[in-house]
Amino acid sequence: MARAPMTPQVLSLRYAVVAVLFLALAGIEGLLMRAQLSNMSFTIPGLVTIPMEAEHYYAMLTPHPLVGAYGWAYLAVFAAFYFLVPTLIKKPLYSMRLANAHMWVHIVGLLTVWSSGFFLRFGSLYTVYWPLPVVRFPPLSVVIFAVGLALVELSVLCFIFNLFATILKRSQSDPLPRAVALRSLLMASFGLDNVVRSLRGLFGHRTALNGGTRASNPEPLPVFVVAVMRGSIDATLNAVVLTGAGILMLFFTLPKLLVGLTLDPLVVDPLVYKNVFWWGLDMIADGDVLIWVAGTLYLLAPILANRPLYGEKVVRYVILTDLIVSMGVWSHHLLCDRPQPELMRLLSGQFITWGEFFTMGLSFFAALMTLWLARPLKFSMPMKFMLGGIVGFALGGGSGLLQANFAVNLIMHNTQWVPGFHIHQMVLTGLSSILFAAIYALLPMLTGTGLKSERLSNLHFWFWMIGGVGMAFSMGFAWRDGMLRRTLYPGVDMYLPYMNSATVFGVLLALGFLAFLANLIKTYGLRTLVGLFIPLPVSKPK
Amino acid sequence: MVEIEKVEKRYLFLLIVIAVFINAVTISPLTPWQNWTFWSRPTPTSIFNISVCDYEFTLPSGGIQVRVGEPVKFVVTSCDVTYGFGVFQRSGRMLFQMQVLPNYSNEIVWIFDEPGLYTIRSTEYSGPDHPSMIVPDAIRVVP
């Protein structure tokens, strides 16, 4: 029996393969829901009948974004960062064993979340607005969902611990005391040393930044690593808040389940809950997604252009500024909550959200200028997907800014604009394309060979881009005719043209994904991919 | 302090112009409903109290009739979970909406500019029966 020995390359490949499988799961769910919204009728024996009952539909809609975000996006990010961060800072990963173990925790957690919907019909949606989960759904389903979510967040925290432990592990040759060395490193990496030096210069105070010693300041960490660290702060806060929401669900559900005691869930203020929940949840959407993607661009663009990143010093300030911005934008999810103080809706909901226009705008500018200055360029697959991803983010980010508007939100909130023009555009055309760019760039580094078929790679790219943009626009335009998100319209035909068009583009996306999958199997062989996880009998040489 | 190249400065200036322009236009009275929801804040001529409980809207017993051009206030409360309160034209187009949080008085003032019949629908998911939360022709707007 033989299984691939655990190396950094194998670890990253494992994460990447699992991420791709979760993308397939999220995609299958997405297509089934698209079929329902297109008023189709069919049965997949033993699995599902379309149209589903509303209860079944919402139980599918609940894990769909969680599988997409935590299954596909997070695991693909883990795959890339577990290889790239140690490689770039030339240190071994702090714990290979932990990295391998929390992958399984992550998988079990996500499948548990998914099972709460599939088997027990938990359908509170990922927003879990208080007190919806504990009022409408079976207590056991709530418990299973909360436990699954906690496992996923535990895995995220393990990843962040492992990365930080790797980055901050002190080298033996460092002459400075540990705390001073750490402070100097972080200040140099975030560009704070320049700020402090300027401020001190203003007041004529010239104390050295490294704790008063005469030792030279350290080399700042690569800007990609700084972005990873910065995004990890948001991911940590997100994990803490979502786990907290799960604990709250358990607090109100377990007494009912165990001793039949019903507690009044409205002792918890729904508006305070909503503020805390969105503050935490937005750490993904407006925090680590954006900055981890930006970080990936800071790395990919120089590699593909074979020149240093344009405006690197500005980029370090952008990373720090984005930390402050991402902490203050959550109220754009509460623009239609009239009891939310007006000043909060205006400042946090609209004005601070525009901060992302600047941070992401400058990040894209840095990446694009890096490429522009390196012309002529070779349009390799990572390059194509990277540019496609920037287009996706520009379209999805622009629509997001329009809806995060004190005035306009009144006619857009909870319509198809939000999941169409904004969310699916950001996640499929934007985020996923950047992740595919990273995967196409990483595969040769991890395996020694890139994907075999250029034809299949190109099919993947064009189907994915056309499918992603087309589906997002088809859904988004239904807003004009008043179509709401998260709403079924049985017997209503007026939205069918939009929904049918979205289904066609959704199928195109699926074909793009299948082209990628076929290319993976064609290049490496199913046996090699399975052998990453399961010991297989050694085949006899012919 | 921050070394920034000329082309980067120009780009940043462009971003600032776009941001200021869009924010100024949308916050100004050029956006029709900003006139009364944010700037003039007129005293409503009528107040309609609506409650929502277990997926059902309960409307005022005398119905909801308003005049074109008159500011009216909708006060919506929920007894259990978060719902939405959306007002739609017969064509399906949404006029406005707000969230309906339990334990809170959720209020909005609106001025209708076209006579006709308007539908009320929950715009927030509140459980599997959410799609059924629709009251056709609930609001009559007269000239």
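One residue stands out in the range B:20-38 among those that are outside any helix (DSSP H, G or I) and either hydrophobic (A, V, I, L, M, F, W, C) or within 7 Å of chain A (Cβ to nearest Cβ) (or both): the one that is surrounded by the fewest Cβ atoms within 10 Å (Cβ to Cβ), namely B:30. Counting only helices (runs of 4 or more DSSP H) that sit wholly inside the range A:222-341, those with at least 3 residues that are surrounded by fewer than 21 Cβ atoms within 10 Å (Cβ to Cβ) and in contact (Cβ under 8 Å) with a residue 40 or more places away in the chain are A:223-259, A:270-282, A:312-327. Of the residues making up the range A:40-60, one or more are within 14 Å of another protein chain (Cβ to nearest Cβ), within 17 Å of residue A:25 (Cβ to Cβ) and not aliphatic (A, V, I, L, M).
So, residue A:374, is that one at pLDDT below 95, touching a Ser or Thr at 6+ places or on another chain (Cβ under 6 Å) and closer than 23 Å to residue A:445 by Cβ or not? Considered against the rule, which asks whether it is at pLDDT below 95, touching a Ser or Thr at 6+ places or on another chain (Cβ under 6 Å) and closer than 23 Å to residue A:445 by Cβ, residue A:374 comes out as no.
I'd like to know if the range B:103-115 contains one or more residues that are under 14 Å from the mean Cα position of the chain (by Cα), away from chain A (no Cβ under 14 Å) and either of a type in the set (Gly, Ala, Ser) or part of a loop (DSSP other than H, G, I, E, B) (or both). Yes; the residues of the range B:103-115 include at least one that is under 14 Å from the mean Cα position of the chain (by Cα), away from chain A (no Cβ under 14 Å) and either of a type in the set (Gly, Ala, Ser) or part of a loop (DSSP other than H, G, I, E, B) (or both). Residues that are under 18 Å from the mean Cα position of the chain (by Cα) and of a type in the set (A, V, I, L, M, F, W, C) occur at least once in the range A:57-64. Filtered by the rule that a residue be touching a Leu at 6+ places or on another chain (Cβ under 7 Å) and either among the aromatic types (Phe, Trp, Tyr) or part of a helix (DSSP H, G or I) (or both), the range A:473-506 gives A:499, A:506. The residues of the range A:456-509 that are of a type in the set (Ser, Thr, Tyr) and more than 24 Å from residue B:121 (Cα to Cα), listed by number, are A:457, A:501, A:503. Among residues of the range A:107-130 being part of a helix (DSSP H, G or I) and among the hydroxyl-bearing types (Ser, Thr, Tyr), the one that is farthest from the other protein chains (Cβ to nearest Cβ) is A:112. Would it be correct to say that residue A:465 is buried (at least 24 other Cβ atoms within 10 Å of the Cβ) and either outside any loop (DSSP other than H, G, I, E, B) or more than 18 Å from the chain's Cα centre (by Cα) (or both)? It is false that residue A:465 is buried (at least 24 other Cβ atoms within 10 Å of the Cβ) and either outside any loop (DSSP other than H, G, I, E, B) or more than 18 Å from the chain's Cα centre (by Cα) (or both).
Among the residues of the range A:137-151, are any within 14 Å of another protein chain (Cβ to nearest Cβ), crowded, with 20+ Cβ neighbours inside 10 Å, of a type outside the set (Lys, Arg) and outside any loop (DSSP other than H, G, I, E, B)? Within the range A:137-151 (the criterion being within 14 Å of another protein chain (Cβ to nearest Cβ), crowded, with 20+ Cβ neighbours inside 10 Å, of a type outside the set (Lys, Arg) and outside any loop (DSSP other than H, G, I, E, B)), the answer is yes, since at least one residue qualifies.
If you check A:437, A:367 for being of a type in the set (Gly, Ala, Ser), more than 14 Å from chain B (Cβ to nearest Cβ) and crowded, with 23+ Cβ neighbours inside 10 Å, only one passes: A:437.
Can you say whether residue A:259 is under 18 Å from the mean Cα position of the chain (by Cα) and β-branched (Val, Ile, Thr), as far as the supplied structure shows? Considered against the rule, which asks whether it is under 18 Å from the mean Cα position of the chain (by Cα) and β-branched (Val, Ile, Thr), residue A:259 comes out as no.
If you go through the range A:473-501 and keep only what is more than 8 Å from chain B (Cβ to nearest Cβ) and touching a Gly at 6+ places or on another chain (Cβ under 8 Å), you end up with A:473, A:474, A:475, A:476, A:477, A:478, A:479, A:501.
Listed here are the residues, each with its yes/no results for (1) crowded, with 18+ Cβ neighbours inside 10 Å; (2) at negative phi.
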{"residue": "A:90", "(1), (2)": "no, no"}
{"residue": "A:95", "(1), (2)": "no, yes"}
{"residue": "A:98", "(1), (2)": "no, yes"}
{"residue": "A:103", "(1), (2)": "yes, yes"}
{"residue": "A:106", "(1), (2)": "yes, yes"}
{"residue": "A:109", "(1), (2)": "yes, yes"}
{"residue": "A:112", "(1), (2)": "yes, yes"}
{"residue": "A:115", "(1), (2)": "no, yes"}
{"residue": "A:121", "(1), (2)": "yes, no"}
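State all residues of the range A:321-348 that are under 24 Å from the mean Cα position of the chain (by Cα), more than 15 Å from residue B:99 (Cα to Cα) and away from chain B (no Cβ under 12 Å); if no residue qualifies, say none. A:322, A:323, A:324, A:325, A:326, A:327, A:328, A:329, A:330, A:348 - these are the residues of the range A:321-348 that are under 24 Å from the mean Cα position of the chain (by Cα), more than 15 Å from residue B:99 (Cα to Cα) and away from chain B (no Cβ under 12 Å). Residues that are assigned to a loop (DSSP other than H, G, I, E, B), of a type in the set (Gly, Ala, Ser) and either more than 7 Å from every other protein chain (Cβ to nearest Cβ) or within 14 Å of residue B:138 (Cβ to Cβ) (or both) within the range B:64-102 comprise B:69, B:91, listed in sequence order. Screening B:59, B:95, B:117 for residues that are within 22 Å of residue A:484 (Cβ to Cβ), at pLDDT 95 or above and touching a helix residue (DSSP H, G or I) at 6+ places or on another chain (Cβ under 8 Å) leaves exactly one candidate, B:95. Checking every residue in the range A:399-418 against the condition of being of a type in the set (Ser, Thr, Tyr), in contact (Cβ under 8 Å) with a residue 40 or more places away in the chain and part of a helix (DSSP H, G or I) gives at least one match.
Please tell me if residue B:61 is within 14 Å of chain A (Cβ to nearest Cβ), exposed (fewer than 15 other Cβ atoms within 10 Å of the Cβ) and in a loop (DSSP other than H, G, I, E, B). Against the criterion (within 14 Å of chain A (Cβ to nearest Cβ), exposed (fewer than 15 other Cβ atoms within 10 Å of the Cβ) and in a loop (DSSP other than H, G, I, E, B)), residue B:61 does not qualify. Test residue A:217 against the criterion of being in contact with an Asp or Glu (Cβ under 9 Å, 6 or more places away or on another chain), at pLDDT below 95 and surrounded by fewer than 16 Cβ atoms within 10 Å (Cβ to Cβ), and give yes or no. Criteria met by residue A:217.
Rundown of residues vs (1) within 17 Å of the chain's Cα centre (by Cα); (2) under 21 Å from residue B:132 (Cβ atoms), yes/no style:
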residue	(1), (2)
B:33	yes, no
B:37	yes, no
B:40	yes, no
B:44	yes, no
B:58	no, yes
B:61	no, no
B:70	yes, no
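Counting residues in the range A:520-532 that are assigned to a helix (DSSP H, G or I) and under 25 Å from the mean Cα position of the chain (by Cα) gives one or more. If you check A:510, A:472 for being surrounded by fewer than 24 Cβ atoms within 10 Å (Cβ to Cβ) and closer than 20 Å to residue A:31 by Cα, only one passes: A:510. So how many residues does the range B:121-143 have that are on the phi > 0 side of the Ramachandran plot and either in a loop (DSSP other than H, G, I, E, B) or within 7 Å of chain A (Cβ to nearest Cβ) (or both)? Counting residues in the range B:121-143 that are on the phi > 0 side of the Ramachandran plot and either in a loop (DSSP other than H, G, I, E, B) or within 7 Å of chain A (Cβ to nearest Cβ) (or both) gives 1. Consider the range A:166-182 and keep the residues that are of a type in the set (A, V, I, L, M, F, W, C) and closer than 18 Å to residue A:90 by Cα. The one that is modelled with the highest pLDDT is A:167. Screening residue A:166 against (1) touching a Phe, Trp or Tyr at 6+ places or on another chain (Cβ under 7 Å); (2) surrounded by 23 or more Cβ atoms within 10 Å (Cβ to Cβ) leaves a single unmet condition, (2).
The values are calculated or read from the model by the stated rules, or taken from the named source; none is laboratory data. Note that the structure is predicted; figures quoted are calculated from it, not measured. Counting neighbours? That spans all protein chains shown, and the Cβs are built from the backbone with ideal geometry, glycine included.
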